[in-house]
Amino acid sequence: MACAERPHVSIHVLPLHVGLHIGLSGPFTLARGGEGGWVASMECQLTTSVIDGDAEVATLLSRWEMIRSEALSRRQSLELLKEVVTSWT
């Protein structure tokens, strides 16, 4: 939970009612370096791939924006995560 509350970390929860969305294609992580460039990683059960090609990163950034447009805000997502953690402890 402490990691999710860091100012440079953005976690957005997609409500169940959203249904099918591009994020179901698989998990990915986007990170911006100190010089402003983007890099991504994609995970599967067997490996993690680092993505740093401009076109591929641009595709993932576009997909992230589509996902984020359907997701709860950062604040709402954190509140929901806190509720879930509290109910499980």
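Things worth noting here:
- Farthest towards the positive end of the charge dipole of the chain, among the residues 28, 18, 76, is the Cα of 76, using unit charges on the Cβ of Lys, Arg, Asp and Glu.
- Relative contact order of region 1-73: 33 percent, from C-alpha pairs under 8 Å at least 6 residues apart in sequence.
- Compactness check for the chain: Cα Rg over 2.2 N^0.38 Å is 1.19.
- GNM top mover of 61, 78, 24 - the chain, alpha-carbon springs below 10 Å: 24
- Cα long-axis angle, helix 74-88 against the chain (0 to 90 degrees, to the nearest 10): 50 degrees
- Dipole magnitude for the chain: computed about the Cα centre from +1 point charges on Lys and Arg Cβ and -1 point charges on Asp and Glu Cβ, it is near 280 debye.
- Among 49, 69, the sequence by solvent-accessible area, most first, with a 1.4 Å probe is 69, 49.
The values are calculated or read from the model by the stated rules, or taken from the named source; none is laboratory data. This is a predicted model, so every value here is computed, not measured. With ideal geometry, Cβ positions are generated from the backbone for all residues, glycine too; neighbour counts draw on all protein chains shown. Note: areas computed on protein heavy atoms with side chains; ligands, DNA, RNA excluded. Shrake-Rupley method; radii C 1.70, N 1.55, O 1.52, S 1.80 Å.
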